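None of the figures in this text is laboratory data; all of them are computed from the coordinates on show. Everything numeric in this text was worked out from a predicted model, so none of it was measured. Glycine gets a Cβ as well: all are built from the backbone with ideal geometry, and neighbour counts include every protein chain shown.
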Amino acid sequence: MRSAADFEIPKEANAFVAPVLGLPELPFIPWPSQRPDPGDGVFWKMPEIVAWAKGRAFAWIDDEITEADRTWVEEHHDGPALLHRVDPRCGLAIDDFAALTAWATGLD
């Protein structure tokens with residue numbers, strides 16, 4: 001499974017964040033300059049994420065994930081996917097890491 005760094009300026013994230021965390025340069029999703037509207041309450045990033053994943057397993061962590069997003073991904077993505085919503089007031093917490101670990105270790 002590959003990861004995607006979700007930053008507004010991916011090159012800077014790879015230059016400044018990855019080295020501090022001891023990570024290699026990470027792949028990223030290049031967001032379009034115009035945000036598409038997939039409709040039906042689906043977050044504009046979902047089609048881009050699914051297209052980038054190309055059927056591969058992926059976990060997406062965001063504070064704007066809804067049931068509409070989960071349904072859309074189930075209908076449009078052939079591989080395993082975890083859409084994990086975090087509380088924007090708290091960020092990632094121990095329980096979030098536990099959920100991500102449990103999901104990832106359950107992959108074949």
Inset, instruction - With the cut-off at 18 Å, report for region 2-108 the share of all Cα pairs above it, as a whole percent. - result: 55
Inset, instruction - Classify region 40-102 as rounded, prolate or oblate from the Cα gyration tensor: take a ≥ b ≥ c as the square roots of its eigenvalues, call it rounded if a/c is under 1.5, otherwise prolate when a/b beats b/c and oblate if not. - result: oblate
Inset, instruction - Within 10 Å of each residue's Cβ, count the other Cβ atoms and sort LEU83, LEU100 from fewest upward. - result: LEU100, LEU83
Legend entry - Residue order, fewest to most beta carbons within 10 Å, for ARG35, ARG85: ARG35, ARG85
Inset, instruction - Give, rounded to the nearest 20 debye, the magnitude of the charge dipole that the chain has about its Cα centre when Lys and Arg contribute +1 at Cβ and Asp and Glu contribute -1 at Cβ. - result: 340
Inset, instruction - Add +1 for every Lys or Arg and -1 for every Asp or Glu among the other residues with Cβ under 14 Å from the Cβ of GLU67, and state the total. - result: -4
Inset, instruction - Have a look at region 7-65 and give its Rg and Dmax from the Cα atoms, expressed in angstrom. - result: 13.2, 39
Legend entry - Ranked VAL86, VAL20, VAL73, criterion: other C-beta atoms within 10 Å, fewest first: VAL20, VAL86, VAL73
